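First the structure, in the form of structure tokens, and then the observations on it.
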């Protein structure tokens, strides 16, 4: 069975003598549960693996019960340490406050209970961690699968990856593309929106959110002002509502709106968003075209390739902790801007056969970046760029 690179990190943590809280967050069906199942087969430490998926939303008493059960199993296994794993933790109301109380009690009593919490709603997890568990946890973000991971696990070439994206659970269905599209739409898109957003967060206009997601897929890789977005949507409300819905879609690992790069934070936050999908499967599943047809249509294929490059950067940004933006001034544009540790990197993407005028010189003059990379014609082949870890660019 294919093992993701996160596995060794978790093994190292469990081998530490002290107790810990490790939070693993990421979109649906990227292998979080599979990872912990692989983990427990490699460790000698006794464990309890449970899920809050079917628990009533307000039942934080259930979490206390699981914690007590883990502690009761420690002496039974004649062990001085124990591992408690709780999946879909964000579905328990006040989960972070409950974990804090139990964790602090264990600290006072010297109980070595190690805890791994899994969740697919990054917004709710981060809120709970910030409000209640400051200084008591470490987080790991598990993003969508990269090209190299899909290649190693399923033998895919880069074109197949660009169209079908990085969902390992759907890989076996790609030879029946209509079935694959139904799976992505019903089991991933609809489930992510309904379970990770609508059931856990107040959304006054759920139909509007779904339309915004569809619009974002259609315009992935393009900058749209909120005024233009409102013009495309019926009953669009106001820009604040749309920005909030876009943020919720982002935390579910579906669609984000990249901010314009500017050294002034206020200007970043007030900028028009650049739609960027997290996984190209979310675009392809909504297209009428099949893989073989799409690959032969240059305009469509170039857009899918550029979205795949953006998705590669988005997932790495959350995993590795660097900022990701776009830049535009007048007719000049830099497709992506990476920022980390005071360093700035510009990335131009030229995936087609034509070479439009470069904005590199203007970007260099106005921003003074540490480096500018060209991906595509005349630069790093886009196929090769999808194998590069973006954090190594700094």
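Taken together, the values in this text are just the output of simple stated rules run on the coordinates, not laboratory data. Keep in mind that what you see is a predicted model, and the values were worked out from it rather than measured. For neighbour counting, all protein chains shown are included, and Cβ atoms are generated from backbone atoms with ideal geometry for every residue, glycine included.
Bins of 10 Å, beginning at zero and ending with the bin holding the largest distance: percent of Cα pairs per bin for segment 334-394, please.
Whole-percent P(r) values from 0 Å outward: 21, 54, 24, 1.
What full-extension length gain, to one decimal in nm, is calculated for residue 43 and residue 12 as 0.36 nm per residue of separation minus the Cα-Cα distance? Spell out each step's value before the answer.
Details: separation 31, 0.36 × 31 = 11.16 nm, distance 1.04 nm.
This chain segment gains 10.1 nm when fully extended.
Can you sort 245, 226 from fewest to most other Cβ atoms within 10 Å of each residue's own Cβ?
On the way: 245 27, 226 19.
If I rank by nearby Cβ atoms, fewest first, I get 226, 245.
Please report, largest first and rounded to whole Å, the three semi-axes of the ellipsoid equivalent to segment 248-390, where each semi-axis is the square root of five times an eigenvalue of the C-alpha gyration tensor. Provide the component values of the computation, followed by the final result.
Details: eigenvalues 120, 72, 40 Å².
Each semi-axis is the square root of five times an eigenvalue, giving 24, 19, 14 Å.
Based on alpha-carbon centroids, what's the gap between segment 302-329 and segment 133-207 in Å, whole number please?
17 Å
Connecting C-alpha atoms closer than 10 Å in a GNM of the chain, tell me which of 297, 383, 22 has the biggest fluctuation.
Among 297, 383, 22, the largest mean-square fluctuation in the Gaussian network model of the chain belongs to 297.
What is the gain in length, in nm to one decimal, between residue 56 and residue 384 on full extension, counting 0.36 nm per residue of separation less the C-alpha to C-alpha distance? All intermediate terms of the calculation are to be shown ahead of the outcome.
Numbers: separation 328, 0.36 × 328 = 118.08 nm, distance 4.69 nm.
Separation in residues times 0.36 nm, less the Cα-Cα distance, equals 113.4 nm.
When the chain is treated as a GNM, springs tying every alpha-carbon pair under 10 Å, which of 11, 85, 193 comes out with the largest mean-square fluctuation?
Highest fluctuation among the options: 11.
Using 0.36 nm times the number of residues separating residue 159 and residue 207, minus their current alpha carbon distance, what extension gain do you get? Could the numbers behind the result be given before it?
Details: separation 48, 0.36 × 48 = 17.28 nm, distance 3.31 nm.
Taking 0.36 nm per residue and subtracting the Cα distance, the gain is 14.0 nm.
Looking at the square roots a ≥ b ≥ c of the eigenvalues of the Cα gyration tensor of segment 141-189, which shape do they give, rounded for a/c under 1.5, prolate if a/b is larger than b/c, or oblate? Intermediate results must be reported in sequence, preceding the final value.
Values: a/c = 2.14, a/b = 1.28, b/c = 1.67.
Because a/c hits 1.5 or more and a/b fails to exceed b/c, segment 141-189 counts as oblate.
What distance in nm separates the simple spin-label points at residue 234 and residue 148, each placed 7 Å from Cα in the Cβ direction?
It is 4.8 nm.
Quick one: among 110, 330, 221, which has the greatest mean-square fluctuation in a GNM of the chain with alpha-carbon springs under 10 angstrom?
330
Counting DSSP beta bridges in the chain, what percent are antiparallel, to the nearest 5?
35 percent
For a quick check: sort 79, 319, 146 by the number of other beta carbons within 10 angstrom, fewest at the front. Spell out each step's value before the answer.
Working: 79 15, 319 19, 146 22.
If I rank by nearby Cβ atoms, fewest first, I get 79, 319, 146.
Working from Cα positions, state the angle (0 to 90°, nearest 10) between the long axis of helix 60-76 and the longest principal axis of the chain.
Roughly 60 degrees between the two axes.
Can you tell me the 0 to 90 degree angle between the C-alpha axis of helix 122-132 and the longest principal axis of the chain, rounded to 10?
The angle comes out at about 50 degrees.
Mean residue ellipticity at 222 nm from the helices of the chain, using -39,500 (n - 2.57) per DSSP H segment of n ≥ 4 over the full residue count, to the nearest 500 deg cm²/dmol? Please report the intermediate quantities before stating the final value.
Working: 17 runs with 168 residues, N = 394.
Dividing the helical sum by the residues of the chain leaves -12500 deg cm²/dmol.
Which shape class applies to segment 6-141: rounded if a/c is under 1.5, otherwise prolate when a/b exceeds b/c and oblate if not, where a ≥ b ≥ c are the square roots of the Cα gyration tensor eigenvalues?
Numbers: a/c = 1.42, a/b = 1.13, b/c = 1.25.
Since a/c stays below 1.5, the shape of segment 6-141 is classed as rounded.
What FRET efficiency comes out for the pair residue 358/residue 2, r = Cβ-Cβ distance, R0 = 51 Å, nearest 0.05? Please list the in-between numbers first.
Working: r = 39 Å, r/R0 = 0.77.
E between residue 358 and residue 2, to the nearest 0.05, is 0.85.
Angle between the Cα long axis of helix 32-42 and the longest principal axis of the chain, 0 to 90 degrees, nearest 10?
The angle comes out at about 50 degrees.
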